[in-house]
Amino acid sequence: MKFENKNNHYFIVKSGFDIISAAILGVLFLPILIVIAILIKITSSGPMIHWSRRIGQKNREFLMPKFR
């Protein structure tokens with residue numbers, strides 16, 4: 001499928017939907033993530049989040065946060 005001939009409105013609508021969906025899911029999962037962080041802090045010493053090095057697009061390295 002060639003995207004050059006597609007209407008630009010499709011990409012605008014899709015981007016808007018993606019942003020709104022991510023914001024809603026972020027708000028819904030935030031209490032769960034807070035509880036997990038508190039439980040990790042209570043049960044062990046050290047940081048709650050571990051930063052893992054990963055390789056992404058075009059072999060660029062990025063840091064991905066993970067709960068311990």
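The values are calculated or read from the model by the stated rules, or taken from the named source; none is laboratory data. All of these numbers come straight from a predicted model, not from anything done at the bench. Counting neighbours? That spans all protein chains shown, and the Cβs are built from the backbone with ideal geometry, glycine included. Side chains are part of the model used for accessible areas, which takes the heavy atoms of the whole protein and leaves out ligands, DNA and RNA. Shrake-Rupley method; radii C 1.70, N 1.55, O 1.52, S 1.80 Å.
Charged neighbours of Phe62, selected by a Cβ distance under 15 Å, balance to +4 (K, R count +1; D, E count -1).
Only lysine pairs 8 or more places apart or on separate chains count here, and in the chain those with Cα atoms under 29 Å apart total 8. Average accessible surface for the chain: 94 Å² per residue, computed with a 1.4 Å probe over protein heavy atoms with every protein chain in place. Shape class for the chain: oblate, because the ratio a/c of the largest to smallest gyration tensor axis (alpha-carbon atoms, square roots of eigenvalues) is 1.5 or more and b/c is at least a/b. Using a Gaussian network model of the chain in which every pair of alpha carbons under 10 angstrom is joined by a spring, one finds that among Val35, Val27, Val13 the greatest mean-square fluctuation is at Val13. Fully extending the segment from Ile42 to Tyr10 would add 6.8 nm, taking 0.36 nm per residue of separation and subtracting the current Cα-Cα distance. Relative to the longest principal axis of the Cα atoms of the chain, the long axis of helix 8-43 lies at roughly 0 degrees. Fully extending the segment from Ala22 to Gln57, taken as 0.36 nm per residue of separation minus the present Cα-Cα distance, adds 10.5 nm. Maximal additional length on extending the Phe67-Leu30 stretch stands at 11.9 nm, based on 0.36 nm per residue less the C-alpha distance. Other residues whose C-beta falls under 14 angstrom from the C-beta of Met48 contribute a net charge of +3, scoring Lys and Arg +1 and Asp and Glu -1.
For the chain, which whole-number percentage of the solvent-accessible area (1.4 Å probe, protein heavy atoms only) is attributable to carbon and sulfur atoms? Exposed carbon and sulfur together represent 68 percent of the surface.
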